[in-house]
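Notes follow once the structure below has been shown.
The values are calculated or read from the model by the stated rules, or taken from the named source; none is laboratory data. Computed from a predicted structure; not experimentally measured. Neighbour counts are summed over all protein chains in view; Cβ atoms, including those assigned to glycine, are modelled from backbone coordinates with ideal geometry. Side chains included, ligands, DNA and RNA excluded: accessible areas come from the protein's heavy atoms. Shrake-Rupley method; radii C 1.70, N 1.55, O 1.52, S 1.80 Å.
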Amino acid sequence: MGNPEVNNEFQFPDELWEWTLPLLLSEKSKIKPGRPRMDDRQAMNAIFYVLRTGIHWKALPRTLGASSTVHDRFQEWQKAGVFEKLWQAGVIEYDEAKGIEWEWQALDGCITKAPLGGESTGPSPVDRAKIGTKRSLLTDGRGVPLGLAVAGSNRHDMKLTKATLESIIVERPKVTEDAPQHLLADKGYDYPEVDELVDEWGYTGHISRRGEDTQVRPKVPGYRARRWVVERTHSWMNRFRALLIRWEKKVANYLALLHFACAWISFRAAGIIKTT
């Protein structure tokens, strides 16, 4: 059930709640005297509202619940890995519904602001050294997020390659001659260390090289641009305002919000979430 005072765009979808409920911790061992525990559905709706709007926890509308209670529940579920498990469930459902497009994977980083600083933040090289954070994202050929890593905005993209690959949320199929896997990345990954990782992981690398004209597309029959899908996914994630500007000081809490957004994108790609 949604809150009638909240725009539907900011309410946790009923379709997604059915997948979330089995992941939540049992309350049987948490019964204690005092006020009744806040309803899980209401708490998740409030957390989703924070994710979509980027509002500070303390500014949460009272109609959605007490801010301290909602934040406590968020941290409880973050520590239990609920949001990461939900992302994994979304990717698995997407794989069953449409099939993960492993053949063409894309890797890219994105810098966003982090005014309050905190863990895994640093001076931004593209924003007058203001404090920011960087997320490194791996997607499949349709732009569904498969792997994710976070660091300070002054951390070079290529330094996050290994962590991003190691974070792939589901088991990656073995690379064979009949089922190759290509990895696309921009010039920020044009380093020998990345080339070695690409070979180690069995990918066929397609990394833009410094000094080459990227405006000239190869004259190959059937060629089409593919790397843009990861840039589009970064754009999708920035529509969740809590990710566009990071207010979380603890990197674990920030990662939980990123996982929550990845779950939403994955379930939408699977056709579970209906959007207009």
Of the residues in region 18-62 that are part of a loop (DSSP other than H, G, I, E, B) and among the charged types (D, E, K, R), the one that is modelled with the highest pLDDT is 39
- Message: Against the definition (over 16 Å from the mean Cα position of the chain (by Cα), open to solvent by 20 Å² or more (accessible area, probe 1.4 Å) and more than 30 Å from residue 22 (Cα to Cα)), how does residue 79 come out, yes or no?
- Response: no
Of the listed residues (135, 142, 155, 128), the one being buried (at least 23 other Cβ atoms within 10 Å of the Cβ) and basic (Lys, Arg) is 135
Over region 159-187, the set of residues among the aliphatic types (A, V, I, L, M), crowded, with 21+ Cβ neighbours inside 10 Å and free of Cβ contacts under 8 Å to residues at least 60 places away in the same chain is 160, 165
Filter region 87-125 for residues that are touching a residue at least 60 places away in the same chain (Cβ under 8 Å), touching a Ser or Thr at 6+ places or on another chain (Cβ under 8 Å) and among the polar types (S, T, N, Q); the one that is surrounded by the fewest Cβ atoms within 10 Å (Cβ to Cβ) is 112
Quick count over region 243-258, residues being open to solvent by less than 30 Å² (accessible area, probe 1.4 Å) and over 17 Å from residue 232 (Cα atoms), is 6
For helices (runs of 4 or more DSSP H) lying entirely in region 158-276, having 3 or more residues that are over 28 Å from residue 84 (Cα atoms) and modelled with pLDDT under 95 picks out none
